[in-house]
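Please read the structure below before turning to the comments.
The values are calculated or read from the model by the stated rules, or taken from the named source; none is laboratory data. Fair warning: this is a prediction, and the values are worked out from it, not measured in the lab. As a convention, Cβ positions derive from the backbone with ideal geometry for all residues, glycine included, and neighbour counts pool all protein chains shown.
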Amino acid sequence: MLAENLLLLLAVLPFVGAISAVTMPVTARNAEVALAGSVMVAGLLALAALFGDVTAGQVVSRTLSWAPSLGLDVTLRLDGFSWLMLLLVYGIGLLVVIYARYYLAPSDPVPRFYGFLLAFAGSMVGVLIAGNIILMVVFWELTSLFSFLLIGYWHQNAGARDGARTALVVTAAGGIALLAAMILLGQAVGSYQLDDVLRAGDLVRGHPWYLWILGLFLLGAFTKSAQFPFHFWLPNAMAAPTPVSAYLHSATMVKAGVFLLVRFSPVLGATDAWFWIVAGTGMVTLVIGAVIATWRNDLKGLLAYSTISHLGLITALAGMGSGAAIVAAVFHIMNHAVFKASLFMGAGIIDHETGTRDLRKLSGLRHAMPRTALLAIVAAAAMAGVPLLNGFLSKEMFFAEAADWHNGTWLDRWLPYIATFASVFSVAYSLRFIAAVFFGPLATDLPKEPHEPPVWMRRPVEFLVAIVLVVGFWPEALIGPILQSGVIAVLGGTAPDYSLALWHGFNTPLKMSLTALVLGTLFYFLFSKRLSQANEAPGFLSKLRGQQVFDRLMLVVTRKWPVLLSRVTGSSRLQVQLRMVVLLSLAAASWALWGAARLVPQGLWDSFDPSFALLWVAGIACAIGAAALAKYHRFAALALLGGAGLVTAMTFSWFSAPDLAVTQLLVEVITTVLLLLGLRWLPKRLQEIESDRRLPARARRAIDLVIASACGAGVAAIAFAVMTVPPGRSIGDWFRGNAYAEGGGTNAVNVILVDFRAFDTLGEITVLGVVALTCYALLRRFRPAPESVALPSQQTFNELPPINPAREAEAATEPTRHDLMMMIPAVIMQWMFPLSVAIAAYLFLRGHDLPGGGFAAGVAFAIGLLLQYLATDVRWIESRITILPVRWIGLGLMIAAGTGMGAFLFGYPFLTAHAQYVELPLIGTVPAATALAFDLGVFAVVVGSTVLMQIAIAHQSLRSARLRARETAEQASPEDAAEERGNRTKEQTHQQEGA
Amino acid sequence: MELTLSLGIGVLVASGVWLAMRPRTFQVIVGLCLLSYGVNLFIFAMGRLVTGAAPIMPKGGFVNPDAYADPVPQALVLTAIVIGFATTALFLVVIMAARGFTGTDHVDGKEREQ
């Protein structure tokens, strides 16, 4: 059980660390390093504890339920191969964390860096230990995403943004292909569990979908591992901070592709198609990467192409797929990670201490930084495959496989020559790296005076180089068992014969190595001058620019085609767009319902109630009137709209829906007030728009009238057809039958809202709160139309200016016409406040058993408050009652969610309600369901939201009053105006606190 | 009554759709309100028209579903009314801001070119 829990810890810890990391202050550099470092150390300890199980050939796995209905489980699975990869992720992760502490500038925000880095580590761990192939793809895409974020860490730099985007598009597109492949694979095998898939090799290879699966799978693996022709994203990703390049783009993430190739080679491999595509692509990438690397002038660019080349080597080995080739591939994955990470860190040190990465500028650094030079030289020698270093061993294995393994194809015969040819260039670029940077006279024109880096920036490199040496000398002792268990995990059962000895005699591979070393050295010394003068690539390869093809493609697909499409089909005018939408939905509905017999009306006059018909005569008149008047007579239209709303409310009450009737009535009131408040800021239309009478406008209106009538007729026909058919059994029956038994309330509507479907209601009130806050935020910077800044005529005492200018000041303090008009209603409205509170409480308390509930009570309470605003003015009311609508919203949401979470205490799922009745003295039996507490939350959110929206609009009057005052003051004297502006800011701050 | 109500729903929807396609923002907001009445009534009508039988259940015992109104459409419409109010408010704020910004109440933010 311990092993299973450790496995879970491995997967979860980095994500927990990432979340903690992003919450730390921006300057907490050391704390971030301690956090990230301890996550990595904990991971390493867990791996150490699991080592015994894994080397014994066991597979540790743990399954958590994810979506059982879809057959998806979170299965984690650890074997020797993933253990070995995890060691790289956590081990190099630890070194990178330490290194980055000294690499990043004090101005770089560290929480973001370490948060992303940890999240990336978690995703990578997920890819490696996912026991379900769909889960694996999920983590796979997460690594692409965090790679994107890390490449774009310095997002102020355009190169970083472009590089990040390219990497994301290429690798995430590959991820989608991989997802398709995994779905096909899972369907072919009949299970998405990795263990089942790994056992089903023969089935898959014989399946008719095999080529599809293989193609899509390889698309995913090749894009991630930067194989030709998708390699171009990797050099661009070098815009990332160097620790990221060292970690993601050499040691871990790009290895995910080859990890996948090796992992699935027993399933998909050993066919002709596999050999040709995988080995072929690998060899092409090996050669192209090595050749281009030789020509690169940028230190990191050289390393990036070298990485591409080495990934090609591993891919080629996976393509051969023999036992010994897999051993070599696994071994080289580790070796390459070690020496390349140290080289990237070395390059980072050089960049950090000299201010440049240009090989043409750098020179003679061994004088300025001898220790760094020594480290980098050893690592670069390992990259070149110099004997007694780790790179040499795995490269020898590759050569041996290239020479000894045969399947009789021409590619197979040429393998040793191609391998040697590529190796010549890998010697040449390694030599260039060493010679150009560290030898020769010390460069004098560097941006910074070069010197040794801080000790702890060098320590990780020293550690890695020590591994390079130790593995080079005593391979069996250090990594023999790890490699053994990794290879057994891939191949299953038996490991092939292989030997990690240094000396195998003077055989073919050694001859190939020596040839490459000699020719590579010769090549470099003959052409070193020309290398730096050529433009980053030899002539024939400079034409081959994957990046340009990619850019062209992106331009066409994401810009040209959409523009073309919108030009052909679209219009920027909203009316045209909306007309198209309406027509489309009309057409879709007609198409679906064409020929439906039930739409032919039957029994038209079966039940006819003249009084109900009369009600709707009024309703229809109101609707048509509102439609006709909305343009020039807004106020009248608003009144008619209210009429239609009232008819709707009455219809609800007519047909046994008292809850709806109450709510509709209350909402009607508040909507009307809201629209009236809005009308204050929508200036009156004083004269008719000229073009309205012309023919085109009339034609448009007529066409729209036809369309709208068709829509209305259609909806009416469907409504009638449905209503005249008996209902049959529905889910409503269950709710009716169980409202009291299960929900403890007799009002089934309310029980559904606060108990059965409380989760939906929680969502609803959240939306309500969000909308209210949005309204508030939008109005914070509201600029009214200039025509409506002036005081409306109702609020001025007299339309005419005072006759005697001397009395002007006096006139300003006199009550306005509005004040006089409102004197008596104001008193009534103030008296109504307690009454409205009582009504709200009444509606709220009876809600569970009788019509009412949180929604209705909330709106009723809001209306009570609103009346007070209408009765007096904003200043008067706010000096007497402090209303903090935002807190109401927050509290309400907390109450609702808290009630839901209360169910956890009793071991029930979220939002499980409990109901009982409580006997209170004087009041009697009161329902005390937990649903009532939930309803209280609903009530508070509704009150808060409604009041917040209304008050936000009402406060605009205050702001425009200040605007007027400022304009007057500015005309009088500029200094006063400045002072007034200062006051205004203060007042605004105050207002924000208040609201 | 079914006929009357379907006619009513039809007129509400037709007026709403017609207004929604008009060029002035206030017309659109009135149109959306009318449309939401129509749609709410339509959803409500899917539970069939029942008179004199509110969805208030007895306390325990056997419940005959046919004797009470269907609560599901009612619950749906109840939340729709409140959310509808919220979106109306949001839309109102947007058109107020747009009027201030663009100096016109045309939905496109500029008057139609002649």
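So the values come out like this:
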| item | result |
| --- | --- |
| Qualifying residue in region B:90-107 (condition: hydroxyl-bearing (Ser, Thr, Tyr) and more than 7 Å from chain A (Cβ to nearest Cβ)) | yes |
| Checking B:ILE83 against (1) in a helix (DSSP H, G or I); (2) in contact with a Gly (Cβ under 9 Å, 6 or more places away or on another chain); (3) at the interface with chain A (Cβ under 7 Å from one of its Cβ atoms), the condition it does not meet | (2) |
| Criterion: at pLDDT below 90, surrounded by 11 or more Cβ atoms within 10 Å (Cβ to Cβ) and of a type in the set (Phe, Trp, Tyr) - qualifying residue of A:PHE939, A:PHE904 | A:PHE904 |
| Criterion: loosely packed, with under 14 Cβ neighbours inside 10 Å and at pLDDT below 90 - qualifying residue of A:GLY57, A:GLY71 | A:GLY71 |
| Residue in region A:725-737 that is facing chain B (nearest Cβ under 9 Å), farther than 30 Å from A:ARG959 by Cα and modelled with pLDDT of 90 or more present | no |
| Residues (in a loop (DSSP other than H, G, I, E, B) and of a type in the set (Lys, Arg)) located in region A:444-479 | A:LYS448 |
| Contacts under 7 angstrom Cβ, first residue in region A:602-615 being within 7 Å of chain B (Cβ to nearest Cβ) and under 14 Å from B:THR51 (Cα atoms), partner surrounded by 11 or more Cβ atoms within 10 Å (Cβ to Cβ) and not hydrophobic (A, V, I, L, M, F, W, C), 6 or more apart | A:SER607/B:GLU2; A:PHE612/B:THR4 |
| Filtered residue count, region A:380-407, keeping only those that are polar (S, T, N, Q) and part of a loop (DSSP other than H, G, I, E, B) | 1 |
| Residue in region A:408-429 that is not in a helix (DSSP H, G or I) and not aromatic (Phe, Trp, Tyr) present | yes |
| Flag for A:ALA721 being more than 30 Å from A:GLN956 (Cα to Cα), out of contact with any Lys or Arg (no Cβ under 8 Å at 6 or more places or on another chain) and assigned to a helix (DSSP H, G or I) | no |
| Only one of A:ALA621, A:ALA592, A:ALA588 that is over 19 Å from B:SER15 (Cβ atoms), at pLDDT 90 or above and not in a loop (DSSP other than H, G, I, E, B) | A:ALA588 |
| Any chance A:ASP659 is free of Cβ contacts under 8 Å to residues at least 24 places away in the same chain, within 14 Å of chain B (Cβ to nearest Cβ), within 30 Å of A:ALA748 (Cα to Cα) and of a type in the set (D, E, K, R) | no |
| Every residue from region A:80-109 that is over 30 Å from A:VAL59 (Cβ atoms) and buried (at least 24 other Cβ atoms within 10 Å of the Cβ) | A:TYR99, A:ALA100 |
| Among (1) in contact with a Gly (Cβ under 8 Å, 6 or more places away or on another chain); (2) facing chain A (nearest Cβ under 7 Å) - the single one B:PRO23 does not satisfy | (1) |
| Residue among A:ASP162, A:ASP108 that alone is of a type in the set (Asp, Glu) and assigned to a loop (DSSP other than H, G, I, E, B) | A:ASP108 |
| Residue satisfying condition, being touching a Pro at 6+ places or on another chain (Cβ under 9 Å), hydrophobic (A, V, I, L, M, F, W, C) and part of a helix (DSSP H, G or I), within set A:ALA49, A:ALA11, A:ALA31, A:ALA18 | A:ALA31 |
| For A:PRO441: the one exception among (1) at pLDDT 85 or above; (2) in a loop (DSSP other than H, G, I, E, B); (3) within 42 Å of the chain's Cα centre (by Cα) | (3) |
| Candidate set from region B:59-74 (those that are in a loop (DSSP other than H, G, I, E, B) and facing another protein chain (nearest Cβ under 7 Å)); member that is nearest to A:ASP609 (Cα to Cα) | B:ALA69 |
| Matching option when the condition is crowded, with 23+ Cβ neighbours inside 10 Å and over 13 Å from A:LEU268 (Cα atoms), among A:TRP140, A:TRP154 | A:TRP140 |
| Residues of region A:568-591 satisfying the condition of being at the interface with chain B (Cβ under 10 Å from one of its Cβ atoms) and surrounded by 15 or more Cβ atoms within 10 Å (Cβ to Cβ) | A:ARG573, A:LEU574, A:GLN575, A:LEU578, A:ARG579, A:VAL582, A:LEU586 |
| Identity of the residue in region A:437-482, free of Cβ contacts under 8 Å to residues at least 60 places away in the same chain and either among the β-branched types (Val, Ile, Thr) or in contact with a Lys or Arg (Cβ under 8 Å, 6 or more places away or on another chain) (or both), that ends up surrounded by the fewest Cβ atoms within 10 Å (Cβ to Cβ) | A:THR444 |
| Selected residue [modelled with pLDDT under 90 and surrounded by fewer than 21 Cβ atoms within 10 Å (Cβ to Cβ)] from B:VAL82, B:VAL63 | B:VAL63 |
| Residue within region A:701-709 that is among the acidic types (Asp, Glu) and part of a helix (DSSP H, G or I) present | yes |
| Complete set of residues in region A:662-694 that are more than 10 Å from chain B (Cβ to nearest Cβ) and of a type in the set (Asp, Glu) | A:GLU688 |
| The lone exception for A:LEU640 - which of (1) assigned to a helix (DSSP H, G or I); (2) surrounded by 16 or more Cβ atoms within 10 Å (Cβ to Cβ); (3) facing another protein chain (nearest Cβ under 8 Å); (4) not aromatic (Phe, Trp, Tyr) it fails | (3) |
| Output for region A:689-709, where each listed residue is polar (S, T, N, Q) and more than 46 Å from the chain's Cα centre (by Cα) | A:SER691 |
| Meets criteria (among the β-branched types (Val, Ile, Thr), in contact (Cβ under 8 Å) with a residue 12 or more places away in the chain, under 26 Å from A:THR663 (Cα atoms) and facing chain B (nearest Cβ under 8 Å)) for A:THR766 | no |
